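Okay, structure first, notes after.
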Amino acid sequence: MTRRARRSLTPRAPRNQISGKSKGVLRRFGPTLLAALAAVSANADPVAECRDLGFSDPEGSRNCFRDLLADPSTALRAEAAWALGDIQLANGLFRSATKSAPDDAVVRVRWGELFLSTYQVADAEALFAEALAIDPDNVAAKLGLARVALGRFEARAMGIVESVLAGDPDHVEANLLAARLALQVGDTERARESLRSPLVAEDLLRRLEGMALAAAIDHMLGSVPSAWEAKALEIHPRYGELFETVAHFYVITRRYREAIAQLTRAVAIDPELWSAHATLGINLLRVNRFDEGRRTLTLAHDGDPYNVEVVNTLRLLDSLDGWGVLADDDVILRIHPAESRALASYVKRLVTDAVATVGERYGFVPDYPVVVELYPRHQDFAVRTSGLPGIGVLGVAFGDVVLMDSPSARSVVEGFDWASALWHEVAHVVTLGATNNLVSRWFSEGVSVFEEWQTGPSRFRGTETAEGAARYRAVPIGVVKAHREAELLPIALLDEGFIRPTYLGQVMVSYTQAGLVCEFIAHAYGQAALSRILDAYRDGKDTVGSLEAALDTTHHAVDEAFEAYLDDRFAGVDPATYELAMQEAAAAASKGDWALAAEAARRAIAAYPNAAGVPSPYPLLARAEAGQGNPAAAVDALFEYWRAGGRSPNALNRLAGALDDAQRHEDALAVRRSLALTLPLAVETRTQLGDDLLEAGQPREALLEYQAVLSLEPHDAADAHYRLARAYHRLNESEDARRHVLLALEIAPRFQDALSLLLEINQ
Amino acid sequence: MTRRTLLGALIAVAACILGSLGQAAESQDPAVSALPEAKGRPQARMLVVTGLGGEPDYARAFAQQGDASARHAEAAGAAVTLLTEEAASREGIRDAIEEIARESNETDKVVVQLIGHGTFDGEHYRFNVPGPDPTAEDLAAWLKPVNAKRQLAVIATSASGAAQGVLAREGRAVITATRHGRERNASLFGGFWADALDAPSADVDKDQRISGEEAFRFAERALATFYEDRQLIATEHPRLEGDAGSFIVARTAPGEPVEPELLHLVSRVDELTAAIDELKSDRRVLTDDDYFDKLQDLLLELARADQELKMRREDAPEPDAHVPFRGDFAR
C-alpha cells in the first residue's frame, strides 16, 4: 500500500463525508470545536439551531444545514458546508468570506478552527493571530491560540487562558481549557474547580465536554466507574468523545491499556469517530498489538485520510514489512535486517542485564518479555512514537515496549550513547511495571537517569580516594548553573519541567534534576526508599503523598535537604573557570604548546571534575601529556575519562592501545568492550574486541564479535571469515571452522594465515 | 625540494626476479614480460602531483597524501616522480609526462595521480597549481605520446568527475574523486586513498599487494562511511572507469626473492591458484559439497606448497637489507 501526501495544502473532506453518507453533524466537531462554534454563533443562531437539532434528529439537522447552503451569507454557507463534511467547499467559502469582510475577526477565527480540525495547526495559528490583529480582545481567537499551545504542551496556553478568565471568571470555554491544562499535570483539584461553570452551562455540547473532563478526573483518581459517564450518555448516547477524552488522559499518563479500553468504548458507541479509531490504532501499536493496530489505523485512514499521524504511521508500518522479529522469553526485538546480527546479542544482553539489575534494586523484575524496536532513521522512531516527525528524545518506553533510535540513527560525535539510553528505557519498564504505570513522569525519569549513572553500561566508576565534587559523576554544567540561579523546580512541580517547560533547555535540566533527586534520596534515606516511593505511587498516591509516605517527612523538607545536598555536591564546581580553562587548553593544544595545554586542562578538571561530555578536558590533557613525552600520564588521563563515563571513540581507541602497550591487557579489554558497545556497527571495533577476547581465552564471546563483523558486510570479507574460522577452531567446532576458512580462501586463495589454519584444521 | 625523482630501484639480483605470488598472473599477461629487464629498469612509472592547498590545512594534507602515494609506489618498485609546490606547475607536469613518454615502452604501466583542488567552469576541468592551471584536455594531450598500453589516471580533486570523459581512452583506467564536475566541495577522497595504501584490509585478495582497484574500493567505502557516520550529505561520489586492478599502488609486505631452486614451487603455487580460479568459474555447475570438497583439496595442496616455500626461505640466507621491495609494481 502506498500513501502519498503527508498533508494536504488545503482542507479537503473525506470522500464519504462529501457524499453525505450520514455522519451526524456532531461527528465533525471535537468537543472544544463545538464549544467554540457555540461561542461565536450565540447570537447568529442558524448554525446553533441546526446543530442542536442533531441531538434528537440527525437527519433533520443535516437538512437544516443543507438549507443553510443557500443562505446569502458566505460565512454561514461555509459553516454549513463544514458541518456537512464538504471541507473543501467550506475552505473556499471562508476564503471568500474573509476577502469580502477583511475586518471580520470572527470569520478568521472560524476559518482557523476549520484548519485546526484538519490537522493544519500552523495555518490555524496564523488565522487566529490575524483575527487578534483585527480585534485584540477577541476571546475566541485567544482561546484558539490557547488550544494550539495546549496541543503542543506549551506553557503559554495557561497564560492565555488565565488572561481570559481574569476578564470573565465564568467563561465556559476558558474554564474547559483550564481544566484540561490542570489535568495535564495531574492537578485534579484545580481541574475540578475549573469545571464548575461548564458543568452547568446551558449549551449542551459544552456541558458534555465538561462531563467528559469530570469523568477523566474520576478515572485519574481511580474512582471508576464515573457517574459522569451515565449522565453524559443520557444526554447524548453516541457521545464517543466522552471516552476519547478519558483515554487522552490515560495516554499522557502512560496507561495505554486503560486508554485502549476507553477508546474501544468510544468507537463502539460511535463507529464513525475517526479520531478515536486513530488514537486507538496508535496505542495498540504502543502495546505491541501490531496487527490490530494496523487494521484499526487503516480503518481510521479510510474514514479520515487527512490525519497526518495516521498517514505517517501507516507509511512507517509499510516500511517495516521486511524487518525481522527476534523473540525469546526475555526480549522481543524488532530490528532492521541490516543491523540485526550485529546488534541482537548486545541488545539482548543489555536488556536482560538491565531487567535483572534494576529490577532487583527496585524489587520488581518483570516476568514478561521486553519489546525493543530500534530505528536507524530518527524520523521513523519519531513517527512510531508520536505519529509525527521532529521529537527531540532518543528513546521512549510504553510500558513494556521500548522504542529507540538505533546506534546508526545518530552520530556518536554528538554524544549519543545508545547503550546507556537503552538501559534508561529498560529502567522505565521496571518503574512503570512496578507501579502499574502510575509512577509520575519525573520519578520514572529520575530513576532511569540515576540507574544510568549507577549501574548502566557507561556508569560512573568513582575512586575511593576522590574528594569534593570529584566523588560524583559530573552533570551538565547548565544544571549547576540552574541550581545556583534557583531555576530548579520544587519536587512537587518537577513534572511541569518535562510537560510544560518555561525556558530553553528546561526539559534536559529536569531530567538531570530528577536523577539528582533520586541520587539524593538513595544517599540520605537509602536505596530502599526509592522502592518505597514506587510502592506509594502504585497505591495511587501522587508525588507529594508518595514522597511523604516513603520518607516520613514533608515534601518541603525534602526540597530543603535536596538543595543543601546539591550545595555540597557542586561545591568547588566553577563553571566560569572551567569554560575559560577549556578554551585556553584547546587554544594551546592547537599551537602545540603542550605544557600550557596540560596546565589549563588540569585547571578545567579541578573546576569541574569528571566532566566526560563533549568536549571533555581529559582527552585534551592526554594529548598534552603525550605531547610532552609523558605517555603514562596520558594513559592516566584517558583512564580517568573512561571511568567517568566518557565514550569518545577516538579517546577510547587511544586508551586501549596504550593500555596494551603498558601490558594492562585486562583494562584494555574492558575499554574495548566499551568501545565496541559505543560503536557496535563499526567493523574495526568489533574485530578488535573479538581479537582481544580470543587472546584472553574467551572464544565463545569472540565468535559473537566476529559473527557481528561478518553481518556488517565488511570490506575485507576474507579476513572476517578467517577470524570466524579461528574462533570456531579454538572451540573445536571443526566443521564451521573448515567452512569459514574455505570461504576466506575462496575470496583470497593466497591468504597465508588462512592457508596455515586450513592445514591446522586438517591435521 | 620541490621535485623528487624516486627510482624504485629494482636492483634485481639475477635470481631475485618476480616475487613468488605475482608471477603466474604476470606470466599469463601478454602485455607484461615474465621477467623484467634484469638491469633493474622499472616496469612502472608514476607521476604524483600535489596542487595548491589554498589553506594551510589543505596544503599539509595534500603534501602528506602525495608523499604517501610516492613512498608506497616506490616501495612497490615503481620509478616515481613527485611534484610539489612550485614544481607542480603546468610546465612541470607537462615536462614530467614528457619524460615518462620518453622513458617508458609499450609494456610498461604508467600512473598519473593529481592531488588537490580542481574546478569546473561548465566546459573545462582545471587542476589548481601555481601559475596557469592545466586542463583535463592538456593532460590528455600530454599523455598521448605515452605509449605504455596500460595507464591509470587518479584525479583526487574536487570537480574531477568532469575529467573522466576527457581522459578516457582504451587501456587507460580513470579514477576521479567525484562523479561529475558539479561536485565542487573540497574532496576528501585523496585522504582515504592514502589511508588505503597503509591498510592491510585494503588488500582484499591477500596477495600482499594493493591494486588501484582495491585502493579505490577501500577509499570509496571509507568515504561513504565518513559521510554516513556524520549524517552529512555526501558531496563527492568517487568514480572508477576501466580496469585498475592490474596496477599495484602499495604492498602490505616486502616481496620475497625467488631463489632459482624454488622456482618449481613458485610455479606450483601459481598453477594451483589458476586451478582455483577455474574451479570458481565452474561454481554454478557443482553442488555445494562437490565444490567445497574440490576447493579444499586444491587449497590444501596450495597450503602445503606455500608452507614448503616458507620453510625453504627460512633456511636461506637473509637478503640484502638495502634491497627495497621487489619490483612488482606491474603484475
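What the table shows:
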| read-out | value |
| --- | --- |
| Bridge type composition, chain A - antiparallel percent by DSSP, nearest 5 | 45 |
| Carbon and sulfur %, accessible surface of the range B:151-228 computed with the full protein complex present, 1.4 Å | 49 |
| Under 17 Å from the Cα of residue B:109 - lysines, other chains or at least 8 residues apart | B:144, B:149 |
| Antiparallel %, DSSP beta bridges [both residues in the range B:44-251], to 5 | 30 |
| Average beta carbon contacts from partner chains per residue of A:712-721, 10 Å cutoff | 4 |
| Residue mean of other protein chain beta carbons inside 10 Å, B:198-204 | 4 |
| Per-residue [θ]222 nm for the protein assembly as shown (sum of -39500 (n - 2.57) over DSSP H runs n ≥ 4, rounded to 500) | -18000 deg cm²/dmol |
| Rounded accessible area per residue of the range B:44-251, 1.4 Å, Å² | 38 |
| Lys/Arg +1, Asp/Glu -1 at C-beta; the protein assembly as shown dipole; positive extreme among A:715, A:132, A:505 | A:132 |
| With DNA, RNA and ligands ignored, accessible area of residue A:220 (1.4 Å probe; Å², nearest 10) | 40 |
| Proximal lysines to residue B:280, defined as alpha-carbon separation beneath 16 angstrom and excluding residues fewer than eight positions away on the same chain | B:294 |
| Loop-located chymotrypsin sites (Phe, Trp or Tyr not before Pro) in the range B:124-194 whose Cβ has at most 14 other Cβ within 10 Å (DSSP) | none |
| DSSP-loop GluC sites (Glu not before Pro) across the range A:144-208, with at most 13 other Cβ within 10 angstrom | A:202 |
| Cα pair distances in chain A, grouped into 20 Å bins until the bin that holds the longest one, percent each | 15, 41, 31, 12, 1 |
| Additional length obtainable on full extension of the chain from residue A:290 to residue A:204, 0.36 nm per residue less Cα span | 27.2 nm |
| Inter-chain shielding of A:403-415 (mean C-beta neighbours from other protein chains, 10 Å cut-off) | 1 |
| Accessible solvent surface per residue of chain A, calculated while the other protein chains remain in place, 1.4 angstrom probe, Å² | 40 |
| Between 0 and 90°, nearest 10: helix A:290-303 axis offset from chain A longest Cα axis | 40 |
| Folded to 0 to 90 degrees: helix A:105-117 orientation relative to chain A principal axis, Cα | 50 |
| In the range A:502-571, the chymotrypsin sites (Phe, Trp or Tyr not before Pro) that fall in loop regions by DSSP, at most 11 other Cβ within 10 Å | A:503 |
| Accessible area that becomes buried as B packs against A, both chains, 1.4 Å probe, Å², nearest 100 | 2600 |
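The values are calculated or read from the model by the stated rules, or taken from the named source; none is laboratory data. In this text the structure is predicted, and so the values were computed from the model without any measurement. Don't worry about glycine lacking a Cβ; one is built from the backbone with ideal geometry, like all the others, and counts go over all protein chains shown. Accessible surface is based on the protein model in full, side chains and every heavy atom, while ligands, DNA and RNA are left aside. Shrake-Rupley method; radii C 1.70, N 1.55, O 1.52, S 1.80 Å.
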